[in-house]
Amino acid sequence: MTDNEFERIYLSPPDIGDAERRYVTEAFDTNWIAPLGPHVDAFEAEFCEFVGARHAAALSSGTAALHLALRLAGVGPGEEVVVSTLTFVASASPIVQLGARPIFIDSERTSWNLDPNRLADFLRRRAADNRLPKALVAVHLYGQCADLDAIVDLCQRYEVTLIEDAAEALGASYRGRSPGVFGESGIFSFNGNKIITTSGGGMFVSDDEALVERVRKLATQARDPAPHYEHSELGYNYRMSNVLAGIGRGQLASLSDKVAATRRNFEVYFDALGGLPGVEFMPEAKWGRHSRWLTCLTIDPERAGVDRETIRQAMVAQNIEARPVWKPMHLQPVFQDAETIGGEVAEDLFRRGLCLPSGSSLTKPQLRRIIKAFREVVAP
Ligand SMILES: *Cc1c(COP(=O)(O)O)cnc(C)c1O
């Protein structure tokens, strides 16, 4: 294992094997290049098996999957949807694009995911006013599940549709089960930087067969069954292509190895940096297994003697890509008018949080180089 000292180390680059190449070649050899085809069906079936869902629809992106999940939950103009504030913008943008209003909710410190206590307070108040939100988008951040038992319980009690944004958490578990299967529907992403990738793609999963059939229809321009083109409603062009599903099948087959590798990255970082003053790693909540899609930590500038940005820039100077933790949605200019429940925890994690290079293909020399760059500024 070699490492060119000047070669760029990316945050989470694609990690592609021979199986992917074989499946793609097969798609070419059989001329199944069009969207849909045998790889799409097989990828959906294999994905269902992996996450323990009954039905799945392979789509062009995780954002497309969330858009359809929200639409099928009845989200539209005038409705409100609660969503984690500490997340990527795609957890919230389809809410606004459907004409509804997002309500952002703060994180708790155990998992960095949405705080069920705050959610309970909020829903109690809204129930008293008879103004309950339509749905909740619960995000599982950086490979760790939110506290699903508490969240599921609240959603059932107040009849709020639960949609899980598990885009970052494929390969994680909550009390032994995959995220994505606890609510009405779950979505996953296969974007280029996720733990598995199809270059771009997503998956919608649900135990409700009729719902997944609705997704399939809406994702193929809402074509009615007829020999000609007949449309009684409007849909989207959101299906995954057969070529990309071939990549997905190969990637899925090595997902467990990838999670083992990302968890190993975390262990190496933790052993090397965990003892430094003011350095605290994202905890692994007792309810599940963190996939460590990204290894994240916070810096206490008083104790570390240096702040997050200084460390990040020192790494950038050595051609190492590290990123701040997501900037909360309630701080984004585009959402400045949205209601927010709390927000201080997410703001603190954003201000002090850093994501380290975490790819499943990171080599030992690369890890050593990252650790050295980190220690040079934090413990010189
Ligand atoms: C990546 C991501 C998405 C969107 O997935 P795409 O496939 O890129 O559209 C949604 N939510 C979260 C939390 C993500 O990280």
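Given the options V316, F266, P133, identify the residue whose Cα lies farthest towards the positive end of the charge dipole of the chain (+1 on Cβ of Lys, Arg; -1 on Cβ of Asp, Glu).
It is V316, whose Cα lies furthest towards the positive end.
Sorted by average packing, counted as other Cβ atoms within 10 angstrom per residue and highest first, what order do 139-150, 200-211 take?
139-150, 200-211
Considering every Cα-Cα pair within segment 176-313, what fraction, in whole percent, is farther apart than 18 Å? Numbers along the way, then the final one.
On the way: 6633 of 9453 pairs.
Here the long-distance tail beyond 18 Å is 70 percent of all Cα pairs in segment 176-313.
Under 28 Å Cα to Cα from K327, which lysines show up? Leave out anything in the same chain fewer than 8 places away.
K134, K194, K258, K286, K372
State, to one decimal in nm, how far the label point of A317 lies from the label point of Y236, with both points 7 Å from Cα in the Cβ direction.
4.4
For segment 12-109, report the translational diffusion coefficient in µm²/s to the nearest whole number, using Stokes-Einstein at 4 °C, 1.567 mPa s, and a Kirkwood Rh over Cα pairs.
79
Let me know the whole percent of all Cα-Cα pairs from the chain that are separated by more than 34 Å.
The proportion of pairs with Cα distances above 34 Å equals 29 percent.
Counting just the Cα atoms, what span does segment 1-58 cover along each of its three principal axes? Round to the nearest Å and put the largest first.
45, 31, 18
Could you point to the residue in A253, I341, L294 farthest towards the positive end of segment 243-380's charge dipole, with +1 and -1 charges on the Cβ of Lys/Arg and Asp/Glu respectively?
Value: A253.
Less than 17 Å from a label point 7 Å out along the Cα-to-Cβ axis of T25: which backbone N atoms in segment 216-258 qualify, by residue?
Hits in segment 216-258 for T25 at 17 Å: 243-244, 246-251.
Calculate the length of the line joining the C-alpha centroid of segment 265-313 to that of segment 215-230, in whole Å.
Using only Cα atoms, the two centres lie 48 Å from each other.
Set the Förster radius R0 to 56 Å, insert the Cβ-Cβ distance between E7 and R125 as r into 1/(1 + (r/R0)^6), and round the FRET efficiency to 0.05. Each step should come with its number before you reach the end.
Values: r = 53 Å, r/R0 = 0.95.
My answer for the efficiency is 0.55.
Set Lys and Arg Cβ to +1 and Asp and Glu Cβ to -1, take the dipole of the chain about its Cα centre, and tell me which of P225, F122, A379 lies farthest positive.
Result: A379.
Output needed: percent of Cα pairs per 10 Å distance bin for segment 255-378, bins running from 0 to the one holding the longest distance.
It works out to 13, 41, 32, 14, 1, in whole percents.
Pairs of alpha-carbon atoms within less than 8 angstrom and 6+ residues apart define the contacts here; what relative contact order does the chain have, in percent?
This gives 25 percent for the chain.
Per residue of the chain, what 222 nm ellipticity follows from adding -39500 (n - 2.57) for every DSSP H run with n ≥ 4, rounded to the nearest 500?
Numbers: 13 runs with 146 residues, N = 380.
After summing the helix terms and dividing by the residues of the chain, the value is -11500 deg cm²/dmol.
Where a number appears in this text, it was derived from the coordinates with a stated rule and is not lab data. Because the structure is predicted, anything quoted here is derived from the model rather than measured. Please note: Cβ atoms are built from the backbone with ideal geometry, for glycine as well, and neighbour counts cover all protein chains shown.
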